[in-house]
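Participant: Attaching a single structure in structure tokens format; questions to follow.
The values are calculated or read from the model by the stated rules, or taken from the named source; none is laboratory data. These numbers come from a predicted model, not from an experiment. Don't worry about glycine lacking a Cβ; one is built from the backbone with ideal geometry, like all the others, and counts go over all protein chains shown. Side chains included, ligands, DNA and RNA excluded: accessible areas come from the protein's heavy atoms. Shrake-Rupley method; radii C 1.70, N 1.55, O 1.52, S 1.80 Å.
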Amino acid sequence: MDVNIAPLRAWDDFFPGSDRFARPDFRDISKWNNRVVSNLLYYQTNYLVVAAMMISVVGFLSPFNMILGGIVVVLVFTGFVWAAHNKDVLRRMKKRYPTTFVMVVMLASYFLISMFGGVMVFVFGITFPLLLMFIHASLRLRNLKNKLENKMEGIGLKRTPMGIVLDALEQQEENVNKFTDYINKMKE
């Protein structure tokens with residue numbers, strides 16, 4: 001299936017003011033996870049632009065370490081995803097504790113990068129943009145258009161880069177999964 005790039009959302013929608021931001025309910029992890037996944041899918045191009053600006057600044061200041069850091073993170077992430085697909089224990093951990101899984105990937109990347117001396121590049125060029133994305137996705141309330149776009153992504157009408165990454169992490173909205181399973185049963 002073709003991969004589509006999601007449209008760049010209006011910046012006043014991305015940062016609309018304090019009325020569209022709220023603290024997530026930390027007691028309901030499932031609802032919080034759905035909010036994060038939904039926002040990551042909906043605002044993925046905006047996140048990419050913000051991360052690209054930060055990576056560009058850090059890459060300009062230290063290009064070799066930035067390239068090295070990017071390669072290490074991609075290789076470690078790919079290795080952990082591969083291992084999780086082949087080991088049930090890791091697969092269950094990745095499904096139940098996605099934040100822990102990402103933290104383990106980042107810590108393993110950190111230790112590998114520290115051997116090459118590029119720790120500050122890793123912190124400011126890779127970790128900080130990811131942290132900003134997570135904070136925004138956690139705090140930003142969803143709107144109707146956001147939910148509709150995510151449903152289309154979930155049932156396979158659209159494939160985007162963030163959707164592929166979230167599939168690798170097995171993090172989709174629970175309701176979308178149920179709807180997709182129903183559609184697949186109907187096709188059979």
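Participant: Among the listed residues Lys94, Lys87, which satisfies the condition of being within 23 Å of Leu112 (Cβ to Cβ) and touching an Asp or Glu at 6+ places or on another chain (Cβ under 8 Å)?
Facilitator: When all the criteria are applied, what remains is Lys94.
Participant: Now a separate question. Given the conditions (1) in contact with a Lys or Arg (Cβ under 6 Å, 6 or more places away or on another chain); (2) farther than 17 Å from Ser138 by Cα; (3) at pLDDT 80 or above, which single one is not true for Asn39?
Facilitator: Answer for Asn39: the failing condition is (2).
Participant: Only one of these is surrounded by 13 or more Cβ atoms within 10 Å (Cβ to Cβ) and either among the small types (Gly, Ala, Ser) or within 18 Å of Met162 (Cα to Cα) (or both): Ser56, Ser30, Ser38. Name it. Step through it out loud before you land on a result.
Facilitator: Working: Ser56 fails: surrounded by 13 or more Cβ atoms within 10 Å (Cβ to Cβ); Ser30 fails: surrounded by 13 or more Cβ atoms within 10 Å (Cβ to Cβ).
Exactly one residue qualifies, and that residue is Ser38.
Participant: Among (1) of a type in the set (A, V, I, L, M); (2) free of Cβ contacts under 8 Å to residues at least 40 places away in the same chain; (3) in contact with a helix residue (DSSP H, G or I) (Cβ under 9 Å, 6 or more places away or on another chain), which single condition is Ala6 missing?
Facilitator: So Ala6 meets the others, but not (2).
Participant: Let me ask you something else. As an exercise: evaluate Ala6 against (1) open to solvent by 20 Å² or more (accessible area, probe 1.4 Å); (2) assigned to a loop (DSSP other than H, G, I, E, B); (3) of a type in the set (A, V, I, L, M, F, W, C) and give the number of the one condition it does not meet.
Facilitator: (1)
Participant: Among the residues of region 126-158, write down those that are at pLDDT 70 or above and more than 18 Å from Met106 (Cα to Cα).
Facilitator: Correct list: His136, Ala137, Ser138, Leu139, Arg140, Leu141, Arg142.
Participant: For the subset of region 98-113 comprising residues that are within 22 Å of Leu61 (Cα to Cα) and open to solvent by 50 Å² or more (accessible area, probe 1.4 Å), which member is nearest to the chain's Cα centre (by Cα)?
Facilitator: Tyr110
Participant: Ok, one more. Please go through (1) open to solvent by less than 50 Å² (accessible area, probe 1.4 Å); (2) on the phi > 0 side of the Ramachandran plot for Gln44 and return the number of the only condition it doesn't satisfy.
Facilitator: Condition not satisfied by Gln44: (2).
Participant: Taking region 84-97 on its own, how many of its residues are among the hydrophobic types (A, V, I, L, M, F, W, C) and either modelled with pLDDT of 85 or more or open to solvent by 100 Å² or more (accessible area, probe 1.4 Å) (or both)?
Facilitator: 1
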